[in-house]
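Here is the structure we will look at.
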Amino acid sequence: MPASVLENPISKERIVVHPGEPGVLRLEEQAPPDMIRPPVHLHRRQQERFEVLQGQATIQIRKDLRVLGAGGSLAVEPGTPHTWWNCGDGELRMLVEFRPGGNMLSFFETYCGIAGEGRANASGGPPFLQVAASARLWDSYLGGPPVALQRALFAVLRPLAWLRGYRASYDRFRVHQPAQPGGLAGR
């Protein structure tokens, strides 16, 4: 099965979903120098690994900044606030892996799908009530305030989000993760 492609016209990211080993989400992020960087965020249970294929990326882990060039890689452990951006003059291409993959593909589908429909915020991200509806599924949160506070707030707001038509995920945005060559896809 060919790779699936997601695009966010506001943040200017192009995300290619690649085959990966079972339980791992593997993406290729492509972003121009004028991309809109993601907010500082964390994944409670996933390690996120970056490997630069082309260009330069700055990876911010807490307050520490690391610049990676082609061939450079870095892993961010679960629960660690981080963000990244293209700090070079040309296109950035990097492999990003989530271990375990969890429901992170749903995040990227929703992130790009909502932006494609013109319903994203100015940074290309999902509206706040969408985050309230989906954060429990994605198990990803902003780098602050504390996760416990965000979880409590989203639990209170989730019914309102549902009343306003937001859902944790959407069939219309769903792409298929390509099967690992030689894998057991279709069985």
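The values are calculated or read from the model by the stated rules, or taken from the named source; none is laboratory data. These figures come from a predicted structure and were not determined experimentally. Positions of Cβ are generated from backbone atoms using ideal geometry, with glycine treated the same way; all protein chains shown enter the neighbour counts.
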Looking only at segment 6-55, which residues are more than 24 Å from residue 127 (Cα to Cα) and out of contact with any Asp or Glu (no Cβ under 9 Å at 6 or more places or on another chain)?
19, 21, 22, 23, 28, 52
Here is a check on your reading of the model: is residue 69 modelled with pLDDT of 95 or more, farther than 18 Å from residue 107 by Cβ and of a type outside the set (Lys, Arg)?
yes
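Let's see how each residue does on (1) free of Cβ contacts under 8 Å to residues at least 40 places away in the same chain; (2) surrounded by 15 or more Cβ atoms within 10 Å (Cβ to Cβ); (3) assigned to a helix (DSSP H, G or I); (4) touching a Gly at 6+ places or on another chain (Cβ under 8 Å):
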{"residue": "67", "(1), (2), (3), (4)": "yes, no, no, no"}
{"residue": "93", "(1), (2), (3), (4)": "no, yes, no, yes"}
{"residue": "101", "(1), (2), (3), (4)": "no, yes, no, yes"}
{"residue": "115", "(1), (2), (3), (4)": "no, yes, yes, yes"}
Cβ pairs under 9 Å, 6+ apart or interchain, first in segment 1-24 and farther than 16 Å from residue 175 by Cα, second acidic (Asp, Glu), ordered by first then second residue, are 12/34; 13/7; 13/29
Here are 153, 163: which of them is under 28 Å from residue 80 (Cα atoms) and either crowded, with 20+ Cβ neighbours inside 10 Å or modelled with pLDDT of 95 or more (or both)?
153
Taking segment 4-36 as the search range and keeping residues that are crowded, with 16+ Cβ neighbours inside 10 Å and at pLDDT below 95, which one is nearest to residue 98 (Cα to Cα)?
20
Out of the residues in segment 121-167 meeting the condition of being among the basic types (Lys, Arg) and part of a helix (DSSP H, G or I), tell me which one is nearest to residue 7 (Cα to Cα).
136
Restricting attention to segment 180-187, does a residue exist that is among the charged types (D, E, K, R) and either part of a helix (DSSP H, G or I) or at pLDDT 95 or above (or both)?
no
If you check residue 146 against the conditions, is it within 21 Å of residue 82 (Cβ to Cβ), over 15 Å from the mean Cα position of the chain (by Cα), exposed (fewer than 15 other Cβ atoms within 10 Å of the Cβ) and at pLDDT 95 or above?
yes
Residue satisfying all of: in segment 16-50; part of a loop (DSSP other than H, G, I, E, B) and among the charged types (D, E, K, R); farthest from residue 76 (Cα to Cα) among these:
34
Regarding residue 45, is this residue without any contact (Cβ under 8 Å) to a residue 40 or more places away in the chain and basic (Lys, Arg)?
no
Would you confirm, using the coordinates I've provided, whether residue 158 is touching a strand residue (DSSP E or B) at 6+ places or on another chain (Cβ under 8 Å), surrounded by 16 or more Cβ atoms within 10 Å (Cβ to Cβ), of a type in the set (Lys, Arg) and modelled with pLDDT of 95 or more?
no
